[in-house]
1. List, please: which pairs have Cβ atoms under 7 Å, are six or more places apart or on different chains, and start with a residue in the range 18-35 that is free of Cβ contacts under 8 Å to residues at least 60 places away in the same chain and over 13 Å from residue 221 (Cα atoms) and end with one that is surrounded by 14 or more Cβ atoms within 10 Å (Cβ to Cβ) and hydroxyl-bearing (Ser, Thr, Tyr)?
2. Taking into account only those residues within the range 204-231 that are among the β-branched types (Val, Ile, Thr) and over 19 Å from residue 70 (Cα atoms), which is surrounded by the fewest Cβ atoms within 10 Å (Cβ to Cβ)?
3. Could you list, ordered by first residue, the pairs with Cβ atoms under 7 Å in which the first is in the range 54-66 and free of Cβ contacts under 8 Å to residues at least 24 places away in the same chain and the second is buried (at least 20 other Cβ atoms within 10 Å of the Cβ) and not hydrophobic (A, V, I, L, M, F, W, C), at least 6 apart or interchain?
4. Does the range 118-135 contain any residue that is within 26 Å of residue 206 (Cα to Cα), in the same structural domain as residue 187 (by TED's automatic domain parsing) and hydroxyl-bearing (Ser, Thr, Tyr)?
5. Among what's in the range 169-189 and is free of Cβ contacts under 8 Å to residues at least 24 places away in the same chain and of a type outside the set (Gly, Ala, Ser), pick the residue that is nearest to residue 109 (Cα to Cα).
6. Residue 137 is checked against (1) crowded, with 22+ Cβ neighbours inside 10 Å; (2) assigned to a loop (DSSP other than H, G, I, E, B) and fails just one. What number does that condition carry?
7. Please go through the range 17-45 and give me each residue that is crowded, with 17+ Cβ neighbours inside 10 Å and in a helix (DSSP H, G or I), ordered by number.
8. Would you check which residues across the range 97-136 are under 12 Å from residue 191 (Cβ atoms) and polar (S, T, N, Q) and list them?
Amino acid sequence: MNIALIGYGKMGKAIEEIALQHGHAISLKINSSNQEEFTTENLQKADVAIEFSNPHCAIHNLKNCFDAGIPVVCGSTGWLEKWSEIADECQQKNGGLLYASNFSIGVNIFFEINKHLANLMNRQNNYEVAIEEIHHTHKKDAPSGTAITLAQGILDNLKRKTNWTLGDSKDAESISINSKRIDPAPGTHVITYDSAIDSIQISHTAHSRTGFAYGAVLAAEFLIGKKGIYSMKEVLEI
């Protein structure tokens, strides 16, 4: 398949390497220095787009793909306050969209473990839950999209929690998310349930960007020829 890479930083280059290993071609590479090439004509030379840019550009980039009739895999985070707008436009334009806060196979399995643990803790009121995430200093959003997905998984399954807070919170109904930026750190996420008696902790640590890139290419392969909105749950059948 021919892939349009929208965002050609470290993540875009890692995706390119995996895509070429899988026998795919890169028909378009877009970054901040060649925006004039980000045209409908050039997009339509691709079978699918993979978008990893930043929160400020993602909305515009996704709409361009819908206008061009190109299905798009999106890994940009920090823009989900506009989710309803993008979902509506995708449906109106009969587009294809696959969004994930994290494309790693391991992280998506971790999401499911997190939900199951939160459900198990419903009757264990003596445990307080918190999230810690560590990323490199160039990451633009905090908390990470992955941490927000983990928080939502807890909120959906742990009845005594109703919201999350960046930083420590004294609100009994809030999940504290502590974000740290340390180099080099591709990404670590830790869920801790702490009581006076003991602590329960689950964690996921990425060793490189390869897992994210591999998952993004799998997602692109899955999305070819599809319309509608999908997630990694469909790609991985979990």
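The values are calculated or read from the model by the stated rules, or taken from the named source; none is laboratory data. Bear in mind the structure is a predicted one, so any value in this text is a computation, not a measurement. Here Cβ is always computed from backbone atoms with ideal geometry, including for glycine, and neighbour counts include all displayed protein chains.
1. Cβ pairs passing all conditions: 29/8; 30/8; 31/8.
2. Taking the range 204-231 as the starting set, the residues that turn out to be among the β-branched types (Val, Ile, Thr) are 205, 210, 217, 224, 229.
Applying the additional criterion that residues be over 19 Å from residue 70 (Cα atoms) yields 205, 210.
On the way: 205: 12, 210: 14.
Of everything passing the filter in the range 204-231, 205 is surrounded by the fewest Cβ atoms within 10 Å (Cβ to Cβ).
3. These pairs meet every condition: 58/51; 58/76.
4. Among the residues of the range 118-135, not one is within 26 Å of residue 206 (Cα to Cα), in the same structural domain as residue 187 (by TED's automatic domain parsing) and hydroxyl-bearing (Ser, Thr, Tyr), which makes the answer no.
5. Within the range 169-189, the first condition is being free of Cβ contacts under 8 Å to residues at least 24 places away in the same chain, and the residues that meet it are 169-174.
In the following step, the residues that additionally are of a type outside the set (Gly, Ala, Ser) were identified as 170-171, 173.
On the way: 170: 30, 171: 29, 173: 26 Å.
Among those residues, the one meeting the criterion is 173.
6. In the conditions (1) crowded, with 22+ Cβ neighbours inside 10 Å; (2) assigned to a loop (DSSP other than H, G, I, E, B), residue 137 misses (1) alone.
7. 18, 19, 43, listed by residue number.
8. 114
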